[in-house]
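Peer 1: My structure is below; once you've seen it, I'll send some questions.
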Amino acid sequence: MIVLLDRDFASNAFLKAVACTGAVFLARLSAARKPPVLHRFDDGSFLSRLGRLEVRNFECEITIATTRGRNTGVYRLATTLLDARQYPAFELVKLYYERWAVDSAFFTIKYDERTAAALAT
């Protein structure tokens, strides 16, 4: 199982708890977090630690287009999938993009429903 997490769920304690279940994770970290670089991999990712948990980190640029417009940002991701050859950073970025696209679609649906309800009153 892989757990995909937004930055609101990326505290060291929570990530450690997820890892202790046997699940792996791919989590967005806040831009303020600057994990130490312990080793660099050929795919641009690097080995690091969050607390006592060993993780692989990388940055990516993601653009999402919705009915409300386009949004592009640079994101820092961390994963417990440490093998950069078996799990290249680019493939993990595509996976995270899918998670974010689903979240954006749900947000748009909720926004449209609220707007329609407000107009109906």
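Peer 1: Considering only residues of the range 58-92 that are surrounded by fewer than 11 Cβ atoms within 10 Å (Cβ to Cβ) and at pLDDT 90 or above, which is nearest to PHE14 (Cα to Cα)?
Peer 2: Checking each candidate, the answer is ASP83.
Peer 1: Separate question: Take VAL55 and tell me if it is assigned to a strand (DSSP E or B), at pLDDT 75 or above, hydrophobic (A, V, I, L, M, F, W, C) and touching a Ser or Thr at 6+ places or on another chain (Cβ under 7 Å).
Peer 2: Working: assigned to a strand (DSSP E or B): yes; at pLDDT 75 or above: yes; hydrophobic (A, V, I, L, M, F, W, C): yes; touching a Ser or Thr at 6+ places or on another chain (Cβ under 7 Å): yes.
Against the criterion (assigned to a strand (DSSP E or B), at pLDDT 75 or above, hydrophobic (A, V, I, L, M, F, W, C) and touching a Ser or Thr at 6+ places or on another chain (Cβ under 7 Å)), VAL55 qualifies.
Peer 1: I'm trying to understand the selection: among the residues of the range 14-35, which are farther than 20 Å from GLU91 by Cβ, outside any helix (DSSP H, G or I) and either hydrophobic (A, V, I, L, M, F, W, C) or in contact with a helix residue (DSSP H, G or I) (Cβ under 6 Å, 6 or more places away or on another chain) (or both)?
Peer 2: SER30, ALA31, ALA32
Peer 1: Assuming VAL102 fulfils every condition listed in (1) β-branched (Val, Ile, Thr); (2) within 17 Å of CYS60 (Cα to Cα); (3) modelled with pLDDT under 90 apart from one, which condition is it?
Peer 2: So the condition that VAL102 fails would be (2).
Peer 1: Among the residues that make up the range 13-34, is at least one of them under 13 Å from ALA84 (Cα atoms), at pLDDT below 95 and either surrounded by 11 or more Cβ atoms within 10 Å (Cβ to Cβ) or of a type in the set (Gly, Ala, Ser) (or both)? Full working, then the answer.
Peer 2: Of the residues in the range 13-34, the ones under 13 Å from ALA84 (Cα atoms) are none.
No.
The values are calculated or read from the model by the stated rules, or taken from the named source; none is laboratory data. Since we're looking at a predicted model, the values are computed, not measured. Reconstructed Cβ throughout: ideal geometry from the backbone, glycine too, with neighbour counts over all protein chains shown.
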